[in-house]
Amino acid sequence: MSDSLGQLILTGVPGLRLDSETAKFFRRIQPGGFILFGRNIESASHLRGLIDDLRSLSEVEPIITIDQEGGRVSRLRLIGNEPPNAQQLRDKGDIDLIRRHGEITGRLLRLFGFNLDLCPVLDISFDDDADNSLRGRCYGKTVEQVVGNAGAFNEAMKGQGIASCGKHFPGYSAATSDAHYQLPKIDRTREELDRNELAVFRKFVDRVDTMMICHGWYPSLQAEKTPASLSRRVITDLLRNELAFDGLIMTDDLDMGAILTGYRLEDTIRLAVAAGNDLAMICHRIPEIETAHRILGTLPSDQIDRALASVERFKKKIVPPDEFSEAAFRKIDNEIWDLRVATLGEKRAKERSVEGAKHSPVELF
């Protein structure tokens, strides 16, 4: 079993290239997946080469994922055009443009060798200006609007062979602070959650391949101060049993302030798996995946077997990447520009959003 424990880790990658020590490290740990950020992206051909290298050192086909939502949460805007964000597409009111965005996103990610996109965001925007990291990222202000718009994007992207991830379960948009820095307390009654946030996720339990659990505390779901990402009541009792989701479940990044300020890594990994997560995401403290691997080896076998089976089921559906060419990338990148113009108009399309033009101190997901 120890040889397969790395399959329960989704890790970041340190930089632009795999030096010999990092390659040796990953080959020994055998992470189940890799998540890439701006720090890993130099050019189109370089990115495909890095992903090919990650795949080549993996004994089991790895999950290769990224946050490619649109707007400021579009890692690939570093080497190409920035797609419109969910709110811009929502405000345009043209469902065909949203489908086009999903289809283009799927083809773009397949070209580079990704097999999972960490979207769509399924949070409802109760306040478009709220300071909770979701600004510009929500597909709707109502259950119906999110379901329709996010559903169109999701279906189109999956049609191109890219798996999807519903986030941020069980609904993060009522947070009044940012989990990148601290644990938000989300004071929503169970009735409010059922009518709004959970009403959306119920519609997607059989439409997305994975779910990401957020670092928010919901007193109505668990009275003791606990992030949803470490809560068995949220993950196993609510998502698995009540909502009957049978796909892959992952934590949000365990390197975020909401977790780092309250838990040691040993406790985090133990609680995350016991709660029902299948993948533990460690994006930035990459050397710590060795510690996480060791801790996984001390956990009850039934928890490990359950999580390994879930990862294995997901991986059976992974679609191989397309053949890469610069010409194919340029073609898709031109389509992203056309989509941007169709959504924003040519004048606004030429101006990246103020937030998008700045490099944020944290990379949102």
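Numbers at a glance
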| quantity | calculated |
| --- | --- |
| Candidates per GluC sites (Glu not before Pro) in segment 1-85, loop by DSSP, up to 11 other Cβ within 10 Å | GLU59 |
| Dipole of the chain, positive direction: furthest Cα of VAL208, ALA152, LEU239, with charges on the beta-carbon | ALA152 |
| Alpha-carbon radius of gyration plus Dmax, which is the widest Cα pair, for segment 86-142 in Å | 12.8, 36 |
| Estimated inter-spin distance, SER301 and GLU192, nm [label 7 Å along Cα→Cβ] | 4.6 |
| Cα-based equivalent ellipsoid, segment 154-200: semi-axes from gyration tensor eigenvalues, Å | 26, 16, 6 |
| Principal axes of segment 79-210: Cα extent on each, largest first, Å | 42, 30, 28 |
| Residue-span extension gain [ASP131 to GLU42] - 0.36 nm each, minus C-alpha spacing | 29.0 nm |
| ³J(HN,Hα) computed for each position of segment 228-237 - Karplus, 6.51 cos²θ - 1.76 cosθ + 1.60, integer Hz, glycine/proline x | 3, 5, 10, 10, 5, 5, 7, 7, 7, 5 |
| The chain - convex hull of the alpha-carbon atoms, volume per residue in Å³ | 117 |
| Solvent-accessible ranking of LEU57, LEU183, largest area first, probe 1.4 Å | LEU183, LEU57 |
| Tensor-based shape of segment 250-296 (alpha-carbon gyration tensor, a/c under 1.5 rounded, otherwise prolate or oblate) | rounded |
| Three principal axis lengths of segment 312-351 [C-alpha, angstrom, descending] | 47, 24, 13 |
| Globularity index of segment 1-68, i.e. its alpha-carbon radius of gyration over 2.2 N^0.38 Å | 1.05 |
| Mean Cβ count within 10 Å, highest first, over the residues of peptides 192-198, 22-28 | 192-198, 22-28 |
| Cα-Cα separations in segment 227-309 greater than 15 Å, expressed as whole percent | 55 |
| Solvent accessible area, Å² - CYS138, 1.4 Å probe, full protein context | 10 |
| Dipole magnitude of segment 146-219, debye to nearest 20 (Cβ charges: Lys/Arg +1, Asp/Glu -1, about Cα centre) | 60 |
| Surrounding net charge for ARG285, when Lys and Arg each add one and Asp and Glu each subtract one, Cβ distance under 12 Å | -4 |
| Net lengthening on full extension, THR176/LYS24 (0.36 nm per residue, minus Cα-Cα) | 50.5 nm |
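The values are calculated or read from the model by the stated rules, or taken from the named source; none is laboratory data. All values reported here derive from a predicted model rather than from experimental measurement. In this analysis, Cβ positions are derived from the backbone assuming ideal geometry, glycine residues included, and neighbour counts consider all displayed protein chains. Accessible surface areas use protein heavy atoms only, side chains included; no ligands, DNA or RNA. Shrake-Rupley method; radii C 1.70, N 1.55, O 1.52, S 1.80 Å.
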